[in-house]
Amino acid sequence: MRWLAYFFFYTYVGLLIVAGLWGAFIGAKIDQKILFDFDIESVNQTTAASILTQYRFLRLIEFGFGMFAILFTREVFSIFKYNRLFLGVMFLGVVARIISYLVDGPPNWLFYFFAIYELVGVILIFLYTRNQLHPHGKFN
């Protein structure tokens, strides 16, 4: 169980960091086509800039969450409030995807993969850590 929990943690967090940096600084326009099948050149310049600035911002938030998780890995796996913050954000991402599926319709297959991967990660990390968390950061 330990190995699986850490595997899902590091692969998820690694993707947050890599995808966050990629989307913010290199591939924002490329992502529009690859991930969303959207030609950013098909809209006026102000709309394109608005989409891209928000996309870059959200990708940097994604990167920031990944960096938080890397910097506080020990705490995520041992201190209650860090663990629940990490798992809560990860789980709410899954909830947001489900709401979007219901409200907005079916997405690209890749987004189903992300949702399932994230949910499996939340469950495994929760199960692995649930009986070993310290309430206030006291390590044995």
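Estimated purely from DSSP H runs of n ≥ 4, each contributing -39500 (n - 2.57), the mean residue ellipticity at 222 nm for the chain is -25500 deg cm²/dmol once divided by its residues.
Each residue was assigned an accessible area with a 1.4 Å probe, and for PHE68 the value is about 50 Å².
Please compute the net charge surrounding LYS33, taking Lys and Arg as +1 and Asp and Glu as -1 over other residues with Cβ under 15 Å from its Cβ.
-3
Distance between the 7 Å Cα→Cβ label points at VAL120 and ILE26: 2.6 nm. Axis angle, to the nearest 10 degrees, between helix 109-129 and the longest C-alpha principal axis of the chain: 10 degrees. In this label model, THR47 and LYS81 are separated by 4.6 nm, measuring between points 7 Å along each Cα→Cβ vector. Between 0 and 90 degrees, the angle of helix 45-71 with respect to the longest Cα principal axis of the chain falls at about 10 degrees.
The values are calculated or read from the model by the stated rules, or taken from the named source; none is laboratory data. In this text the structure is predicted, and so the values were computed from the model without any measurement. Because the Cβ atoms are built from the backbone with ideal geometry, glycine has one as well, and the counts that use them run over all protein chains shown. Calculation scope for accessible area: heavy atoms of the full protein, side chains included, ligands and nucleic acids excluded. Shrake-Rupley method; radii C 1.70, N 1.55, O 1.52, S 1.80 Å.
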